[in-house]
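Structure record follows, encoded as structure tokens.
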Amino acid sequence: GGMENIKQHTFSLAHYTYTVLSALKYANGAPVVRIYSDTEFSNPDVQGPVINFNVLDENGEVIGFSQVDKMASLYNIHVRTGCFCNTGACQMHLGISNEDIQRNLQAGHVCGDGIDLVDGRPTGSVRISFGYMSSFEDAQTFLKFIIATRLSKSDTEIPFQSSVTKLMTESVPDDHPSFTSADKLYTIPHISDTQLKNNSSVTKTAVNWQPPEAEAESVRAALSETAVPTCRRDGKPITVTNIYIYPIKSCSAFEVTEWPVGNQGLLYDRNWMVVNQNGVCMTQKQEPRLCLVNPSIDLKKKVMVIQAEGMDPISVSLEENIGKEAVICESKVCSHRVKTYDCGEGTAGWFSLFLGHPCRLIRQSSDMKNMSHQKNTKGLTSATNISLSLVNEAQYLLINVASILQLKEHISARLAETLEIEELIRRFRANIVISAPESFEEEEWAEISIGALRFQVVGPCTRCQIICIDQQSGERNKEFLQSLSASRGRKTNFGVYLMNQPLHSALPDILSVGSQVLPVLKENTEIQPPTSSEEKCSG
């Protein structure tokens, strides 16, 4: 119908969504969103079909755009976040001064990262856009997402039955070619009691889905020679219960009882990855069936064996192919460019057949590791560059069984079914699992020692939708991320990242199940004194 019809169509969708969003309120009358606009969406000649906003909690605090993005992905909604390559507009609408920009940079914030709040203030916002292929149902899907994740049943009783329902109908133009009378009657905010009952796990999430706390404070650069482990209330030792390596990024875990530690973490952890035809790393976000690929490593035979149901096993040598036949390529993993080499047509054919589309297995090139994938990690001194394998953030990820048990109770109650703790441990894809007496006490640690190994805790792991994937079947259930958000209050953190300084010994150290973990608390954390002489900690 031409550009004029497209303009009218897309603007009507934006006007409709803007009108409903503006009317959404919590039970206390606080708005659900704050919209940034120079117009009131009354004229398509001066307002395009985009809506820029931040989601607020019931106290009026901004929920970080990264959290909104993660929750939207659970509903198959793609939003754009950040400052949209328009720093001036971002500064104007968010009230960010030039000094604030400098402070944000000093806090580690750069364009395109996930640092959405600094000192509780937003660094960007969320944007939705409508195009000529967008439909009324698309607008409703987005509004349903906001309602399901933000408003509880008590919130919906007042606005939905009155002003918002009226707005939902009245805001649709009578002469809009895309909207029939049936469309206008389909008013999404009117959620029935049955729907609320069926979706209670979703609606309960809303009140507690809040932004993460500020980035973890800087930790000391090196372990003090005189530091002693903090005392536990019950005096029980903390031990390593499980060790997992993930030879192929985003594929199944390989559990071991002891394993060598190298300069990049556990030996062979995430040394390989599967890439698409463009050389971009594939993860379970795009291809959940990767969790069904089971790699295992035989150190004596120096091979990695890859297995999957319905497929013949295939072996990949641990010896690096550094001869003339090696195909060196540059790939991307989480915005980092890494030097890799291709593992050959045999493995490419195996993965392509199993996953059902062309892909290849590649390995990080050892002679390129130090220069190709280094990270100046938060919590480490600015001069410390740690070499990483194909991990996203840090060399190790640690979780606590006590924290898992607390989350298990919360999720089981919401799902009305019993969950196995082993299933939850698999979902969180940690390298090191420990048993500490208190849930989430690991978030208060600055450093830990495990045997002869010393690690710095460099920050919490902010979870994404991968925890929604059952690692045994590949099936998704968005309840897990929503439950984590609800149970943790203002964040979706679970587990902590660890880094250890490069080893100076020619022989690798060994990390073993059963080893004792000796933590040192952050400097601003109170130490619980022992209640008796029997509870003194060993040095």
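Quick notes on this one:
- Highlighted here are the helices (runs of 4 or more DSSP H) found entirely within the stretch 36-145 that include at least 3 residues which are in contact with a helix residue (DSSP H, G or I) (Cβ under 7 Å, 6 or more places away or on another chain): 65-74.
- The requirement of being crowded, with 21+ Cβ neighbours inside 10 Å and over 20 Å from ASN294 (Cβ atoms) is fulfilled somewhere in the stretch 466-474, by at least one residue.
- Any hit, the stretch 511-527, residues being in contact with a Cys (Cβ under 7 Å, 6 or more places away or on another chain), of a type outside the set (Gly, Ala, Ser), modelled with pLDDT under 80 and outside any strand (DSSP E or B): yes
- Among all residues of the stretch 474-490, there is at least one that is assigned to a strand (DSSP E or B) and modelled with pLDDT of 75 or more.
- Within the stretch 25-46, considering residues that are under 14 Å from ARG150 (Cα atoms) and out of contact with any Asp or Glu (no Cβ under 9 Å at 6 or more places or on another chain), the one least open to solvent (accessible area, probe 1.4 Å): VAL33
- Per the conditions (1) in contact with a Pro (Cβ under 7 Å, 6 or more places away or on another chain); (2) open to solvent by less than 20 Å² (accessible area, probe 1.4 Å); (3) polar (S, T, N, Q), the sole criterion not satisfied by THR462 is (2).
- Verdict on THR19 being under 29 Å from the mean Cα position of the chain (by Cα) and either in the same structural domain as ASP138 (by the TED database) or of a type in the set (S, T, N, Q) (or both): no
- Extreme residue, least open to solvent (accessible area, probe 1.4 Å), among residues of the stretch 263-281 that are hydrophobic (A, V, I, L, M, F, W, C) and modelled with pLDDT under 90: CYS281
- The residues of the stretch 278-318 that are part of a loop (DSSP other than H, G, I, E, B), within 14 Å of PHE351 (Cβ to Cβ) and among the hydrophobic types (A, V, I, L, M, F, W, C), listed by number, are MET282, VAL293, ALA308, MET311.
- Only listed residue being out of contact with any Ser or Thr (no Cβ under 9 Å at 6 or more places or on another chain), under 15 Å from LEU13 (Cβ atoms) and either surrounded by 15 or more Cβ atoms within 10 Å (Cβ to Cβ) or not aromatic (Phe, Trp, Tyr) (or both), chosen from GLU137, GLU99: GLU137
- For LEU415, the conditions (1) closer than 23 Å to MET71 by Cβ; (2) crowded, with 23+ Cβ neighbours inside 10 Å; (3) modelled with pLDDT under 90 all hold with the exception of (2).
- CYS90 meets the conditions (1) open to solvent by 10 Å² or more (accessible area, probe 1.4 Å); (2) under 30 Å from ASN477 (Cβ atoms) in every case but one. The failed one is (2).
- Only one of the listed residues (ILE146, ILE115) is out of contact with any Ser or Thr (no Cβ under 9 Å at 6 or more places or on another chain) and touching a residue at least 40 places away in the same chain (Cβ under 8 Å). That residue is ILE146.
The values are calculated or read from the model by the stated rules, or taken from the named source; none is laboratory data. Just so it is clear, the model here is predicted, and its values are computed rather than measured. All Cβ positions, even for glycine, are placed from backbone atoms using ideal geometry, and neighbour counts span all protein chains on display. Surface areas here come from the heavy atoms of the whole protein model, side chains and all, with no ligands, DNA or RNA. Shrake-Rupley method; radii C 1.70, N 1.55, O 1.52, S 1.80 Å.
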